[in-house]
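These notes are about the structure you will find just below.
The values are calculated or read from the model by the stated rules, or taken from the named source; none is laboratory data. Values in this document were obtained by computation on a predicted structure and should not be read as measured data. Neighbour counts run over all protein chains shown; Cβ positions are idealised from the backbone, glycine included.
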Amino acid sequence: MIDNFSNSQVVRKAVIATRGGVVAAQHKRAAEVGAAVLEAGGDAVDAAIATSFAIGVVEPWMSGPAAGGTMVLYRADSGSAKVVNFGCRSPRELDPANYPLSGQGKSSDLFPWPSVVDDRNVFGATSVAVPGVVSGMDLAHRLFGRLPWRDLVTPAAQLAEDGLIVDWYTSLLTGANARALARDPDTAKLFLDDGQWPLAGEWTALTEQHLDQRAFAATLRQIAEYGADGFYRGDVARALVADVREKGGCLSLADLEAYEAEIVDPLVVAHRGGRVWAAPGLTGGPTFGRALEQLARELTPTAGAPGASTYAAFARSLDAAFQARLESMGDHESPKAPGCTTHFSVVDRQGNMCAVTQTLLSIFGSKVISPSTGLLLNNGIMWFDPEPGKPNSLAPGKRCLANYCPVIGEDATGRRFALGASGGRKILGAVMQLSAFIMDHGLNLEQAFHQPRIDVSGGGKIIADRLLGPDVISALEAIAPVTTARRNVYPYAFACPAGVMREGDTNTGCTEIMTPYGDAIAERIA
């Protein structure tokens, strides 16, 4: 099926080459914070940490200290990569019996699990899992950071004290989710007007309205002063646990005190004389690797822009990889679900790189705020299948299976890139295609990010960018039913990537061309 809407707009994002470091993030303000850290002599890891905390302030509906995720990092001095895993875990006191199936069809959110009574695994404090972002950033800093921890977190605290400006995009997102946000009085107080309408600035844009993020700022100040202990122990931990338990959740001080991020070796995928480092285990990495290996068998690439044979190979490879994932790992997220995650990538002057993805899972996570800490909380319990006896069934003290897929790659010519995306199951295909545009077809970062993509993420169908020509659409239709879609500002039909590239000693960065906030910011160099 091909839509008949015309669109004469041409949207592009400028990609500027520099010898300085670059931060590419879904929000320009967070990327600016990271670039300032690079200017101050920070490592790529330092910049990633600063960006992580800042983006939780300016994109609070996507991530934050109460989120989970993964970092893939590359060290130029050793030519090797590592993975910092900081995914969410289910609380130890969680009882699967408290999530009875309703018998009323499928869940109302991202995953088409059997519906749970009152959507207890989707909304509210009962859906909150143990967060990992602060532990993950702390571990990366202890291993590779150069600048003081306090200097990396304090800029985010200042952003929170100022409060996020309520602009048209903030109003769009809160308005689209107002009904769910109104369920929790503290969430409604922060994001809504009179508990039901989205906050919005004046239509003339001459006055600015800001979210009241002062409680969040105080929490960030504690994290800046005391590190991970300032989050997982002490006053913040006690306040967070008290708020969650008062609202019906089972998060405990023991859960927070016991949480530790881990550093592991990456999954290494050889491809076209190069290699890609991806996260192993309960992430999108293994499925990404399987798809890339299948692509090597399916396609004999030619230099230049990809054609019909490339996109057909993409479709076959992704379809096979997702079939294997759904059968063995238990991830049955709806292919229609966008997922609400953030990704940012960093490269510094020395060539060190970071690719970081972190998420609250759903947009606005559990839709619950801890009023004492100002934290918008994840709904990581929804990652688990509420039906017993499945590969990913709900259980206490269990790691969540997620789709995020940050990668760092090196092609046969020595160009290196760091990539990742937000967008639920759409992430895997976007990261694989961008990697292939670079490694198979020799495209630079700007060309790769502006190249149309497809989405194949289960469900036996293909979504194709309507800018793809009729020969490509015809080749795809021979594989599965095709629906065409445009790259829009909201909602996203495709994943929302961010990436950086290093060629020689020159760095570039780019983000999804349609995201209004996303940008790549370079450090200023003399």
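Checking ASN85, ASN121, ASN177 one by one, the residue that is more than 16 Å from SER366 (Cα to Cα), under 22 Å from the mean Cα position of the chain (by Cα) and touching a residue at least 40 places away in the same chain (Cβ under 8 Å) is ASN85 and no other.
From the list TYR490, TYR517, the one residue that fits, being at pLDDT below 90, among the aromatic types (Phe, Trp, Tyr) and outside any helix (DSSP H, G or I), is TYR490. Pull up the stretch 11-68, narrow it to residues that are among the charged types (D, E, K, R) and part of a helix (DSSP H, G or I), then point me to the one that is surrounded by the fewest Cβ atoms within 10 Å (Cβ to Cβ). Filtering the stretch 11-68 for residues that are among the charged types (D, E, K, R) and part of a helix (DSSP H, G or I), the one surrounded by the fewest Cβ atoms within 10 Å (Cβ to Cβ) comes out as GLU39. Apart from one condition, VAL166 fits all of (1) surrounded by fewer than 20 Cβ atoms within 10 Å (Cβ to Cβ); (2) more than 24 Å from the chain's Cα centre (by Cα); (3) of a type outside the set (Gly, Ala, Ser); (4) within 20 Å of TRP61 (Cβ to Cβ); the exception is (2). When the test is whether a residue is part of a loop (DSSP other than H, G, I, E, B), in contact with a strand residue (DSSP E or B) (Cβ under 8 Å, 6 or more places away or on another chain) and closer than 25 Å to ALA157 by Cβ, GLY365 passes it. Within the stretch 372-394, the set of residues being at pLDDT 95 or above, in a loop (DSSP other than H, G, I, E, B) and among the aliphatic types (A, V, I, L, M) comprises just one member, LEU377. Filtering VAL130, VAL116, VAL122 for residues that are buried (at least 24 other Cβ atoms within 10 Å of the Cβ), in contact with a Phe, Trp or Tyr (Cβ under 6 Å, 6 or more places away or on another chain) and under 27 Å from GLN26 (Cα atoms) leaves a single hit, VAL130. Out of the residues in the stretch 103-113 that are surrounded by fewer than 15 Cβ atoms within 10 Å (Cβ to Cβ) and over 16 Å from SER393 (Cα atoms), state the one that is modelled with the lowest pLDDT. Going through the qualifying residues, I end up with SER108. Just one of the listed residues (PHE437, PHE417) is farther than 21 Å from GLN358 by Cβ and modelled with pLDDT of 95 or more, namely PHE437. Those helices (runs of 4 or more DSSP H) of the stretch 208-296 in which 2 or more residues are at pLDDT 95 or above and closer than 23 Å to THR357 by Cβ occupy 214-226, 229-232, 253-258.
Picking from residues in the stretch 451-485 that are surrounded by fewer than 20 Cβ atoms within 10 Å (Cβ to Cβ) and acidic (Asp, Glu), the one that is nearest to GLY284 (Cα to Cα) is ASP465. One residue stands out among those in the stretch 80-117 that are among the charged types (D, E, K, R) and out of contact with any Ser or Thr (no Cβ under 8 Å at 6 or more places or on another chain): the one that is farthest from GLU246 (Cα to Cα), which is LYS82.
Restricting the search to helices (runs of 4 or more DSSP H) fully inside the stretch 142-200 and requiring at least 3 residues that are modelled with pLDDT of 95 or more gives 149-162, 185-191. Close Cβ contacts (under 9 Å, 6 or more residues apart or on different chains) running from residues in the stretch 278-298 that are within 22 Å of SER422 (Cβ to Cβ) to residues that are among the β-branched types (Val, Ile, Thr) and assigned to a helix (DSSP H, G or I) comprise ALA278/VAL431; GLY284/ILE427; GLY284/VAL431; PHE288/ILE427; PHE288/VAL431.
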